[in-house]
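Structure first, then comments.
The values are calculated or read from the model by the stated rules, or taken from the named source; none is laboratory data. These figures come from a predicted structure and were not determined experimentally. Please note: Cβ atoms are built from the backbone with ideal geometry, for glycine as well, and neighbour counts cover all protein chains shown.
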Amino acid sequence: MEVLFDKSVQRVPIYNWAPDLDPAALKQLQETAALDIVHHHVAAMPDAHVGLGATIGSVFGTVDAVIPSAVGVDIGCGMCAMPTGNFWAEFEANAHDVLAMFSNGVFQVIPLGTDGYDKPQPWDARGECAGFDYESAYEVLNNEIQKKAPLKLGSLGGGNHFIELQKDQDGRIWVMIHSGSRHAGKEIADFYIRLARQLNQQMGAGVPRDLSYLPATHEAGRAYLRDMTWALHYAYENRLRMMDRILGLLEKVAAHFGVKLKYDSRDLINIHHNYAALEEHFGRKVWIHRKGATLATRGLTGIIPGSMGSRSYIVEGKGNPDSFQSCSHGAGRKLSRSEAFRRITKADLKQALGGVIMRHASDVRDEAPQAYKDIDTVMAAQADLVDVRVTLYPLAVIKG
C-alpha cells in the first residue's frame, strides 16, 4: 500500500493498493478525496479503475451523507458460491458431454441478458425493506419495484455477470454466480443520482456533478438508504434463486452420468460489492461506500473472481483498518468496453479461454480475459487484506 497525497487537490490522503493505477482513476480518486464530507482517507483497491463519478474499486466513508454514484448503478451486485462434495474425477471420463449438458441446461433454467420470466416470481420476504409489497417514498419507482422486478428475480443479466462451473485445487466441484439487482437496482440508482445532482445544485454544494450527495438526514437521503436496502435484499435473493436452479440442474446432469450430487446449503457464500453501510472507522460512525469492493473483516469468508476463464479465489478477510476492512471485488478492467470490442477478435477470445467451455447470449469480447487486469497481480497486491483459502479453476462459463 502507498499513500498518495497531493495537498493542492486533496483534503485527505489516498491509500492505494493498485499497482497500476491509471491517471484517469487517480484523478477521480483525488476528486473524491477533496470532498468536505469524506472521513480520514480514500482507499483504492488493487483492481481500481475508472467508473461513473466514484472509482470502481474505491472505499471511503462520508459524514452524515451518502453518494449514490459511489454505490453504483448495480446496487447489491455481488458473488455467490457453493462447494459440492463431488470431485471432477467422477466426471472427467465424460468431460465434454458433462460440460455441454450443463452449459446448455443453464439456458433452459435461467433467463440471461435482458430476459426475464413469463410470470412474476413470488417474493414475500419478511422485513421492512424486502419483498414485492415494498413501497418507495417516490411513487415513480414503485412500478419498477412491484411490477417489473418480479419478472427478473432469479435471472442473470448481461455485462460482466456470469455463471461458472469450477473445480478447486483439490478437484472438488464448485458453482459460482456473479449478478446483482437487475434493472430495478439500476432504476433506483439512476433516479437518486439525478436527484442528488438537483439537490446539490440547489444547495450550492460545489461538488463534482457525478459525486453529488444526499444528506443522510434529508428525506431524499433517508429514502435512498431504504430503497438501496431493498435492492440489496433483492440482489441477494436473486443470486439465491439462481443457485437453487443451477444446483437442481447440476443434480440432473450428475444423475445422468450415475453420480449423486452432494452439497450442504450451510456452505453457501453470498456477498455484495456495491453498497453503503453505517460503520465505525477511525473514531467515527460514517457511511462506508464500497463500489466494486468487498467486506473483508477478520475471519470473514469472501469471493474474489478472476476474469472470464481465469482463476478465482475464496478468501478470508484480515480486517485491515487502512482499507476500511475491505478488499477487491475482482480483477478490475484494463480496457474499456468500447476499446475491448475494437481490439479483441472472437478468435482472440477463444484462444484466451483455452479449453474452458463458454456459452453466451451476446457478443462478450468486452469480457475477454485480455480486457481485465491479471488476477494474480491483484491478489499479490492485497496480501495484507485477505488470505487465500481456496483457488478455483473454471470448467465452463455462461454469460448473458
Counted residues, region 180-208 - those being in a helix (DSSP H, G or I) and closer than 21 Å to Gly400 by Cα: 6
What do you reckon, is Asp36 of a type outside the set (Phe, Trp, Tyr) and assigned to a strand (DSSP E or B)? no
Considering only residues that are over 24 Å from Ala340 (Cβ atoms) and buried (at least 18 other Cβ atoms within 10 Å of the Cβ), which ones fall in region 156-184? Leu165, Lys167, Asp168, Ile173, Trp174, Val175, Ser181, Ala184
Residue list for region 146-178, filter: hydrophobic (A, V, I, L, M, F, W, C) and assigned to a strand (DSSP E or B): Phe162, Ile163, Leu165, Ile173, Trp174, Val175, Met176, Ile177
Out of Ala81, Ala44, Ala18, report the one residue that is in a loop (DSSP other than H, G, I, E, B), at negative phi and crowded, with 24+ Cβ neighbours inside 10 Å. Ala18
Among the residues of region 11-52, write down those that are in contact (Cβ under 8 Å) with a residue 12 or more places away in the chain and among the charged types (D, E, K, R). Arg11, Asp20, Asp22, Glu31, Asp36, Asp47
For Ala89, which of the numbered conditions (1) more than 16 Å from the chain's Cα centre (by Cα); (2) of a type in the set (Gly, Ala, Ser); (3) crowded, with 21+ Cβ neighbours inside 10 Å fails to hold? (3)
Test Lys318 against the stated conditions and say whether it is free of Cβ contacts under 8 Å to residues at least 60 places away in the same chain, surrounded by fewer than 24 Cβ atoms within 10 Å (Cβ to Cβ) and of a type in the set (D, E, K, R). no
Determine if region 356-365 includes at least one residue that is closer than 24 Å to Asn16 by Cα, in contact (Cβ under 8 Å) with a residue 60 or more places away in the chain and assigned to a loop (DSSP other than H, G, I, E, B). no
Ala381 versus (1) in contact with a Pro (Cβ under 6 Å, 6 or more places away or on another chain); (2) under 30 Å from Thr62 (Cα atoms); (3) surrounded by 23 or more Cβ atoms within 10 Å (Cβ to Cβ): which is the lone unmet condition? (3)
Matching residues, region 296-308, being crowded, with 21+ Cβ neighbours inside 10 Å and either within 14 Å of Val390 (Cα to Cα) or small (Gly, Ala, Ser) (or both): Ala296, Gly302, Ile303, Ile304, Pro305, Gly306, Ser307
Quick one: which residue in Arg333, Arg359 is over 20 Å from Met45 (Cβ atoms) and either modelled with pLDDT of 85 or more or not aromatic (Phe, Trp, Tyr) (or both)? Arg359
Of residues in region 147-189 being polar (S, T, N, Q) and under 22 Å from Asn274 (Cα atoms), the one farthest from the chain's Cα centre (by Cα): Ser155
Tally, over region 344-355, of residues that are touching a helix residue (DSSP H, G or I) at 6+ places or on another chain (Cβ under 8 Å) and either surrounded by 23 or more Cβ atoms within 10 Å (Cβ to Cβ) or not in a helix (DSSP H, G or I) (or both): 3
